[in-house]
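Have a look at the structure below, then the notes.
The values are calculated or read from the model by the stated rules, or taken from the named source; none is laboratory data. This is a predicted model, so every value here is computed, not measured. FYI the Cβ positions are ideal-geometry reconstructions off the backbone, even for glycines, and counts take in every protein chain you see. What goes into the accessible areas is simple: the full protein's heavy atoms, side chains included, and nothing from ligands, DNA or RNA. Shrake-Rupley method; radii C 1.70, N 1.55, O 1.52, S 1.80 Å.
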Amino acid sequence: MSVLLPWTVGLLLFASGASPASSSEPRPERVLRVCADPNNLPFSNARGEGFENRLAELLGRELKARVEYTWWAQRRGFIRSTLKANLCDVVMGVPTELEMVLPTRPYYRSTYVFVTKKDGGPKVHSFDDPVLHQVKVGVHLVGDDFSNTPPAHALTRRGIIQNVAGYSLYGDYAEDSPPSALVEAVRKGDVDVAVVWGPLAGYYARRPGVPLTLTPVSPQVDPPGLVFAFDIAVGVRKGDKALRDELDAVLTRRKREVRALLASYGVPSP
């Protein structure tokens, strides 16, 4: 876990118009420091297999910087313990509305989806479909202090409680990518419908086995303000506009490649 910032020296020189002391001196290696979860596919893992890993590598190549990770499980306090503690300069995959960071332009938008079996599963398009009162529904749960995921709140508002099964968003961290257990619960028949964040569902629905159907939830905004679709960006520390602007330029310049990357992981749009 590094706390060095060799490349920021170069940035400061560039911003001030100053020149290196000697053109013969080797330039310090630039490092793009990224904080990420080592066990959270399809987003990231320590083997570099997530789409956020691959996007970080793309950003690093474009900035001519080596990507260096600080691994940290994405739990409560993740931003405070990593980006705000100066353990890194970049956090991938943050909602643009997140006030704790300075976000780039969004590089994708996605939504929660209903996950059902393609053959024989219930047809669900809306939280208001009566069938949700009759089948077993799975959702991710965060804790017992009313800070749960939007689908849990939407179902509770409609009195859909007794037939809901909660799956921990954190799960058993000894297992591979524990949030995926909710998607597999549909495949196994443990629940009839799961309401899952789109990128997670899209990736695991492509796994071999029982075919699954993904349907974007409706409504996208449950009045008065429960939101199910989000613009997702790269987050940097507040005030680090120079890095934010550099990343924005890369995301704009390589927009087509970023879209292809997301499509290859099955990230659904609203």
* Asked: How about the stretch 215-228: which of its residues are assigned to a loop (DSSP other than H, G, I, E, B) and not aromatic (Phe, Trp, Tyr)?
  -> Val217, Ser218, Pro219, Gln220, Pro223, Pro224, Gly225
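Residues are listed down the side, and each one gets a yes or a no for (1) part of a helix (DSSP H, G or I); (2) open to solvent by 20 Å² or more (accessible area, probe 1.4 Å); (3) more than 21 Å from Val131 (Cα to Cα):
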site: Leu155; (1), (2), (3): yes, no, no
site: Gln162; (1), (2), (3): no, yes, no
site: Gly171; (1), (2), (3): no, yes, yes
site: Ala181; (1), (2), (3): yes, yes, yes
site: Arg187; (1), (2), (3): yes, yes, no
site: Tyr203; (1), (2), (3): yes, yes, yes
site: Pro208; (1), (2), (3): no, yes, yes
site: Thr213; (1), (2), (3): no, yes, no
site: Phe230; (1), (2), (3): no, yes, yes
* Asked: Is there any pair with a first residue in the stretch 80-103 that is more than 16 Å from Pro38 (Cα to Cα) and a second that is in a helix (DSSP H, G or I) and of a type outside the set (D, E, K, R) whose Cβ atoms are under 7 Å apart and which are 6 or more apart or on different chains, and what are they?
  -> Asp89/Leu243; Met100/Ile79; Val101/Ile79
* Among the residues of the stretch 119-127, is any surrounded by fewer than 21 Cβ atoms within 10 Å (Cβ to Cβ) and free of Cβ contacts under 8 Å to residues at least 40 places away in the same chain? -> yes
* In the stretch 232-251, what residues are open to solvent by less than 20 Å² (accessible area, probe 1.4 Å) and not in a helix (DSSP H, G or I)? -> Ile232, Ala233, Val234, Gly235, Val236
* To do: Test Arg254 against the criterion of being among the charged types (D, E, K, R) and buried (at least 17 other Cβ atoms within 10 Å of the Cβ), and give yes or no.
  => yes
* Under 7 Å by Cβ, and 6 or more places apart or on different chains, what pairs join a residue from the stretch 239-260 that is closer than 17 Å to Val90 by Cβ with one that is aromatic (Phe, Trp, Tyr) and open to solvent by less than 70 Å² (accessible area, probe 1.4 Å)? -> Leu251/Tyr107; Val258/Tyr107
* In the set Val195, Val191, which member is surrounded by 20 or more Cβ atoms within 10 Å (Cβ to Cβ), part of a loop (DSSP other than H, G, I, E, B) and at pLDDT 95 or above? -> Val191
